Each structure stands twice: as C-alpha cells, then as structure tokens.
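Encoded as structure tokens, the structure appears first; notes follow it.
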C-alpha cells in the first residue's frame, strides 16, 4: 500500500525543490539596491500621517457582503438563460423562486437601512 503513494511523495519533493531553487535564483540574480524611497511603507512618495492599523466601520464589510450576494446572482442567471429552452416551464419556475428569495432579501436589507451611507 505505501508504494502506491510513492509517486505523490516524489511529486511533492520535486515541487518543494523547485520552489527553493526558484527563490534562490531570484535572490541571487535579482537586483538588490534598497534606498530610502523603497524602504518607506508607501512607495507613492506620500509620507504616512497615521498608522495603517486603524479600525474600519462594519458598514464596509456589510456593503462588501451585499455586493457579493447580489453579484453572485448574475453567475446563476447566465447559465439559466443559456439553457432556458431545454428547461422549459420547470426552469422558469425555479428561477422565479430564486429571484423571489433574492427579492425578499433585497427588501429586508432595504428596510433595515443597509443601503444608507451616512
């Protein structure tokens, strides 16, 4: 039984060796000339005025999750539209149910004030 895993182990070690070799070659051949501008936290030339570790409002996360939720909807709509003729009435009813659930979620977020930015 352990002999069956030998090709996987060989592949693992070959990949690990390639990673080490590539990192060493890039370190050896790559330019290494740091200066004051490159060592700064921001290479844009703007001197940082405050710490980068500050708190963000929960609203940023909420807006991001809402965007993902309603953006993923389009991923499901496209294959449905392509196969609509094959799915016939069943596909239409299933998509209507899916859109209904999303619409309920949309109105819930709207009622809770999730779209207000103040």
Q) Restricting attention to the range 52-60, does a residue exist that is more than 19 Å from the chain's Cα centre (by Cα) and closer than 23 Å to residue 104 by Cα? A) no
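Quick grid of which residues meet (1) closer than 29 Å to residue 103 by Cα; (2) at pLDDT 90 or above; (3) under 20 Å from the mean Cα position of the chain (by Cα); (4) outside the structural domain of residue 103 (by TED's automatic domain parsing):
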{"site": "16", "(1), (2), (3), (4)": "no, yes, no, yes"}
{"site": "22", "(1), (2), (3), (4)": "no, yes, no, yes"}
{"site": "28", "(1), (2), (3), (4)": "no, yes, no, yes"}
{"site": "35", "(1), (2), (3), (4)": "no, no, no, yes"}
{"site": "45", "(1), (2), (3), (4)": "no, no, no, yes"}
{"site": "50", "(1), (2), (3), (4)": "no, no, no, yes"}
{"site": "68", "(1), (2), (3), (4)": "yes, no, yes, no"}
{"site": "71", "(1), (2), (3), (4)": "yes, no, yes, no"}
Q: Search the range 64-83 for residues that are under 17 Å from residue 110 (Cβ atoms) and pair each with any residue that is at pLDDT below 85 and assigned to a loop (DSSP other than H, G, I, E, B) when their beta-carbon atoms are under 7 Å apart and the residues are at least 6 apart or on different chains.
A: 66/114
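The values are calculated or read from the model by the stated rules, or taken from the named source; none is laboratory data. Computed from a predicted structure; not experimentally measured. With ideal geometry, Cβ positions are generated from the backbone for all residues, glycine too; neighbour counts draw on all protein chains shown.
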